[in-house]
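The values are calculated or read from the model by the stated rules, or taken from the named source; none is laboratory data. What you see is a predicted model, and the numbers here were worked out from it, not measured in a lab. Glycine also receives a Cβ, built like all others from the backbone with ideal geometry; neighbour counts cover every protein chain displayed. Note: areas computed on protein heavy atoms with side chains; ligands, DNA, RNA excluded. Shrake-Rupley method; radii C 1.70, N 1.55, O 1.52, S 1.80 Å.
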Amino acid sequence: MASVYQFWMIFLTIFISIGTCRSEVQSCKRIKQQLPNARSGIYSIRTASGRTIEVYCEMAFNGGGYTFLHPDALDSVTDSDIQKMFTDRTSFLLRVLRSDGIQPYAVLNQLQEYAHVPLKIGISSHAGYTGAPVNYGYLGAPYIFYGFLPHHISSTVRLQGLLINGVRGAYNRCDSVSASHFALFPNFDERAPYHAFHDGSVYRAIFNHLRLNPSRRGMPIEFFMFGEIHFGACGTYVQTNHMSHYNIVNMAIGFR
C-alpha cells in the first residue's frame, strides 16, 4: 500500500505541474515557498524558456530552496533561464563528494566587506569577471560559472575571499591575477583537465570548515561534477582531481 509520503509526492508533482502551466518560472526556492514542508530530492521543473529539466532540490540546509543542476540539463537550459531562477544572489550551497561517499557541505557568501555585491551564476558565461575558467581551454563548454567579485572590483582591491559557513577565508591579492570564482564542468568528452595546483588560504579555509549533515543524507552522485576554484594570486587555484588531501572526488553547487 502506498505510504503517506508517496501520496504527498504525487500531490506535489501535480501541484508543481499546475504552477508551471500558469507560466511561472519554477525553481527549488519557488517550490519551497509554495510547499514549506517539501523534502529534499529530485524534481522536474519548467524553465522560463519552456524546457523541463531535472534538478536536485536541497530543502533543509540554510533554510532550503537550493537548486542543483544535473549535468544533462546543461544541454538545454539557457543562461537566461538561470538568471530568472537565481533570485537570491547572497549565497551558494557547496556540496563535495568524498571518496568514502560522505557529502559535506558549506554555505558560501561574500565577505562582509562585499556583502552588497551580488553573486553571479552563468551557463558557459563569465561576463563581467576576470577571464574564462582555466579549464575552459581544456574541457570546453558547457560549464557553470559561480562568481564572487567581478573584475571591476577584484582588479582594484587587495582584500578578497569569501565566507564559508560564516568563517572568513580571506587573502590579500599579491599580483595582477584577479579571478574570483568556482566553475563546474560535466566533461562529457572525458578530456584531460589542466594539471596545475596552487594551495592557498582560501582552499584550506573552504575544506577545513565543511560541515557534515546529521542524517548523512546524500545527493545522487550524478549531480556532482569536475570543479575548479580560483581566487586570484595568493588566494588559491585548485581542481577536484588534486584534492586527495581532503579525499574530495567532485563537487556540486546549488543556488536559489
Practice item. If a/c stays under 1.5 just call it rounded; otherwise compare a/b with b/c (prolate if a/b is bigger, oblate if not). Do that for the range 23-125, with a ≥ b ≥ c from the square roots of the Cα gyration tensor eigenvalues. Key: rounded
Check your understanding: How much accessible area does M59 have with a 1.4 Å probe, in Å² rounded to the nearest 10?
Key -> 10 Å²
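Quick one: in the chain, what % of C-alpha pairs are over 33 Å apart?
Tail fraction, whole percent: 17.
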Exercise for review: Could you tally the net charge around Y105, taking each other residue with its Cβ under 12 Å from the Cβ of Y105, Lys/Arg +1 and Asp/Glu -1?
Suggested key: +4
**Study point:** Tilt relative to the chain, helix 4-21 - C-alpha long axis, 0 to 90 degrees, to 10
**Key:** 80 degrees
Revision key, fill the gap. Mean accessible area per residue over the range 48-89 (1.4 angstrom probe, all protein chains present, square angstrom) is 36 Å²
Review point. How big is the accessible area of L94 in square angstrom, nearest 10, if you roll a 1.4 angstrom probe over the protein chains?
Key: 0 Å²
Check your understanding: Hey, rough spin-label estimate for T90 and N37, points 7 angstrom out along Cα→Cβ, what's it come to in nanometres?
Key -> 2.7 nm
Practice item. Please list F188, F182 in order of solvent-accessible area, largest first, computed with a 1.4 Å probe with all protein chains present. Key: F188, F182
Revision key, fill the gap. If the chain between S44 and H245 were fully extended at 0.36 nm per residue, the gain over the current Cα-Cα distance would be 68.8 nm
Review point. Label-point separation (nm) for R158 and R98, each offset 7 Å from Cα along Cα-to-Cβ?
Key: 3.7 nm
Practice item. Quick one: pull the percent of accessible area on the range 116-245 belonging to carbon and sulfur, 1.4 Å probe, ligands and nucleic acids left out. Key: 54 percent
**Study point:** Most mobile listed residue (G137, G218, G64) in the chain, GNM with C-alpha springs under 10 Å
**Key:** G137
Check your understanding: Straight-line reach from K32: which aspartates and glutamates have Cα under 20 Å away, leaving out those fewer than 8 places along the same chain?
Key -> E24, E54, E58, D81, D88
Exercise for review: Calculate the length of the line joining the C-alpha centroid of the range 227-255 to that of the range 152-218, in whole Å.
Suggested key: 6 Å
Study note, to complete from the structure: Each label sits 7 Å from Cα toward the beta-carbon; between A141 and D75 the label points are separated, in nm, by 1.7 nm
Check your understanding: So if we plug the beta-carbon distance of E54 and R168 into 1/(1 + (r/R0)^6) with R0 = 25 Å, what FRET efficiency do we get, rounded to 0.05?
Key -> 0.10
Practice item. Please calculate the 1.4 Å probe accessible area of H152, with all protein chains present, and give it to the nearest 10 Å². Key: 130 Å²
Check your understanding: For the modelled label position 7 Å from the Cα of E113 along Cα-to-Cβ, which residues of the range 224-239 have backbone nitrogen atoms closer than 18 Å?
Key -> 231-236
Revision key, fill the gap. Taking Lys and Arg as +1 and Asp and Glu as -1, residues besides V249 with C-beta under 11 Å from its C-beta add up to 0
Check your understanding: Using the scaling law 2.2 N^0.38 Å as the reference, what is the normalised Cα Rg of the range 62-213?
Key -> 1.04
**Study point:** Where the range 91-158 is the region considered: accessible area per residue in Å², 1.4 Å probe
**Key:** 36 Å²
